[in-house]
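Working notes for the structure below.
The values are calculated or read from the model by the stated rules, or taken from the named source; none is laboratory data. Bear in mind that the values here come from a model prediction, so they are computed numbers and not experimental data. Cβ placement follows ideal geometry from the backbone for every residue including glycine, while neighbour counts extend to all protein chains displayed.
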Amino acid sequence: MTKKIILGIDPGFGRLGYGIISHEKNTFSCIEYGCIETAKTLPFAERLLAIYNTLTEIVQTKRPDCIAIEKIYFAKNQTTGIDVSQARGIVLLVAAQHSLSIAEYTPLQIKQALVGYGRAEKKQLQYMTRVLLHLDKNPKPDDAADALAIALCATSALYPQP
């Protein structure tokens, strides 16, 4: 098995979490993680453009083999859900422009893959992410930690693609 670079994305428009991991055989390592943040004062289209530009730069410099992204399954606020879906569309666009494969996971699948229980608590998910990536502490902020967990799901050792 060759080394794979996976970019995990926790979609959002105010803050989009990303995490880049390396996977070779049964070894995982964290390359980078963080958030793409957009100012509330910007028009929404400009926020999407900022996400597009930053994500494109990340893809071009880190050269992932695939992008793993969380599926949106519901939103308490319908307007927020639609806006997050639009930001998610930007991620899918960047993946398509760079001919990257896309893996999509529900929160239940992510928890099941990392913890073994689909209704696991966030702290359990963070613990497993930290252990699997050999990190000294839980990654912060939560959006970036979630993105790392999503990236881990795209590794065939944890959660094979359907």
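When Lys3, Lys71, Lys62, Lys40 are screened for being modelled with pLDDT of 95 or more, in contact with a strand residue (DSSP E or B) (Cβ under 6 Å, 6 or more places away or on another chain), on the phi < 0 side of the Ramachandran plot and surrounded by fewer than 16 Cβ atoms within 10 Å (Cβ to Cβ), only Lys62 passes. With respect to (1) over 15 Å from Ala154 (Cβ atoms); (2) assigned to a helix (DSSP H, G or I); (3) touching a residue at least 12 places away in the same chain (Cβ under 8 Å); (4) not polar (S, T, N, Q), the lone exception for Ile82 is condition (3).
Take Leu100 and decide whether it is under 24 Å from Lys25 (Cβ atoms), touching a strand residue (DSSP E or B) at 6+ places or on another chain (Cβ under 9 Å) and at pLDDT 95 or above. Considered against the rule, which asks whether it is under 24 Å from Lys25 (Cβ atoms), touching a strand residue (DSSP E or B) at 6+ places or on another chain (Cβ under 9 Å) and at pLDDT 95 or above, Leu100 comes out as yes. Would you confirm whether or not the range 95-108 contains a residue that is crowded, with 22+ Cβ neighbours inside 10 Å, among the β-branched types (Val, Ile, Thr), within 14 Å of the chain's Cα centre (by Cα) and assigned to a strand (DSSP E or B)? No, the conditions are met nowhere in the range 95-108. Of the strands (runs of 3 or more DSSP E) entirely within the range 1-63, those holding at least 2 residues that are in contact (Cβ under 8 Å) with a residue 60 or more places away in the chain and more than 13 Å from the chain's Cα centre (by Cα) occupy 27-37.
Considering only residues that are of a type in the set (Lys, Arg) and either within 17 Å of Tyr52 (Cα to Cα) or touching a Phe, Trp or Tyr at 6+ places or on another chain (Cβ under 9 Å) (or both), which ones fall in the range 82-119?
Narrowing the range 82-119 to residues of a type in the set (Lys, Arg): 88, 111, 119.
Correct list: Arg88, Lys111.
Residues checked against (1) touching a helix residue (DSSP H, G or I) at 6+ places or on another chain (Cβ under 8 Å); (2) over 27 Å from Ala120 (Cβ atoms):
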{"position": "Pro11", "(1), (2)": "yes, no"}
{"position": "Ile20", "(1), (2)": "yes, no"}
{"position": "Glu24", "(1), (2)": "no, no"}
{"position": "Cys30", "(1), (2)": "yes, no"}
{"position": "Tyr33", "(1), (2)": "yes, no"}
{"position": "Thr41", "(1), (2)": "no, yes"}
{"position": "Glu57", "(1), (2)": "no, yes"}
{"position": "Lys62", "(1), (2)": "no, yes"}
{"position": "Gln86", "(1), (2)": "yes, yes"}
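A single entry from Ile72, Ile67 fulfils the requirement of being assigned to a loop (DSSP other than H, G, I, E, B) and of a type in the set (Val, Ile, Thr): Ile72.
Checking each residue in the range 109-151 for being buried (at least 20 other Cβ atoms within 10 Å of the Cβ), part of a loop (DSSP other than H, G, I, E, B) and of a type outside the set (A, V, I, L, M, F, W, C) picks out only Pro139.
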